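The structure's right below; bear with me while I get my questions together.
What follows draws every value from the coordinates through simple rules; no lab data is involved. Please read all numbers here as calculations on a predicted model, not as lab measurements. Every residue, glycine as well, gets a Cβ built from its backbone with ideal geometry; the counts of neighbours run over all protein chains shown.
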Amino acid sequence: MRQIIIEPTENPKVMKFVTDYNLIPGSVELDRESDISEIPLAQELFNYPFVNRIFITANFIAVAKEDTVEWDHVSESLKNIIEDELLANPRIYLQKKKEMYQIYSEMTPNPAVMKFISSKMLMDGFIEVKSREEAEEVPLAKELYEAFDFVKEIYVSDNFVAVTRDGQFEWHEIMNQVRSFIAEFLQAGKAISNAEPHKHENPMLKIINREYTNDEQKISDILNEYVAPAVENDGGKISLIEYDQENKTARMLLQGACSGCPSSTATLKNGIQNILKQFVPELVENVEAVNG
């Protein structure tokens, strides 16, 4: 509890409320025309119609009143208000709360990849870093590589970070360290990436520079509606990159947790291929995967 001492001044209209620490550097003088949107203490004091000026400096707050009231009747009330407000905002000005990030970990179908999910959005789009050399423009990835030599790849999208490990450790040995590191990085307000994220709606622009044919668009639409949501939920991304009309074969790009996943081939054969054959049997008989 802040200790406030009521101290009269030579001016009978002004009372000092002295605290046991320095409130602000410099000083501030406020009246009813001042902008007090960032000073909750002033807002509370000016709720009293007899308060016409406030002066704050060093370790005290001086309040000037109208002649309509006597200090004996109001000084204790003002003291209580000042004590409460200094408890909430010791430095007078509204303290903006840091954005809090809650991070939890989640396994993916790829045993080498752990997904670290944030309570807040991290970026609009996605960034994939597959080596230390690619991390220069992505501070989060760069610091992960520097902190942990078992980190192989990092994929950031929307509200999660998917980290791929090498074979040195199992995730149960290192998961909490990585989760804490990511949480502290985000809480510090550091930039996740200085490079522009790739947009979800155009994931293939760096791989192909053409519009989908009508057949490709049909296949892509089915992927986006029936397959992509589940894949993205597991920390990955899947996109159509090529369609061989003659052999009725669709080639897919796998990114994030899906890239290099031991179960990817089986998943494609048993799941995605069956879906495409069900919806567009005239177009697709086979599916092939390409790791991004």
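Which entry is the computed Rg and Dmax of the Cα atoms in Å for this structure: (1) 18.1, 60; (2) 17.4, 50; (3) 30.4, 98?
Identified label for the calculated read-out: (3).
Moving to a separate point now. I want the local charge near V129. Using Cβ-Cβ distances under 12 Å, sum +1 for each Lys or Arg and -1 for each Asp or Glu among the other residues.
-3
Relative contact order (percent) for segment 1-107, with alpha-carbon contacts under 8 angstrom and 6 or more residues of separation?
Worked out over segment 1-107, it gives 30 percent.
Past 27 Å, Cα to Cα, is the threshold; run K190/K237; K142/K237; K130/K190; K115/K190; K237/K277; K152/K248 against it and keep the listed order.
Numbers: K190/K237 25 Å; K142/K237 22 Å; K130/K190 21 Å; K115/K190 20 Å; K237/K277 21 Å; K152/K248 35 Å.
Cα-Cα > 27 Å for K152/K248; rest within.
Okay, next question. Looking at the chain, do any whole DSSP H helices span at least 20 angstrom along their long axis by alpha carbon and average -0.5 or above on Kyte-Doolittle, and which?
71-88, 171-187
Let me ask something else. Which loop-located trypsin sites (Lys or Arg not before Pro) does segment 1-62 contain, where loop means any DSSP state but H, G, I, E or B and the Cβ has at most 16 other Cβ atoms within 10 Å?
On the way: sites: R2, K13, K16, R32, R53; in loops: R2, K13, R32.
Counting only loop positions with at most 16 other Cβ atoms within 10 Å, the trypsin sites (Lys or Arg not before Pro) in segment 1-62 are R2, K13, R32.
Let me ask something else. What shape does segment 103-187 take by its C-alpha gyration tensor, where a ≥ b ≥ c are the square roots of the eigenvalues and a/c under 1.5 counts as rounded, a/b above b/c as prolate, and the rest as oblate? Display every interim value, and only then the final one.
On the way: a/c = 1.40, a/b = 1.11, b/c = 1.26.
Verdict is rounded for segment 103-187.
In nm, give the distance between the simple-model label positions of R251 and D158, each being 7 Å from the Cα along the Cα-to-Cβ direction.
It is 2.8 nm.
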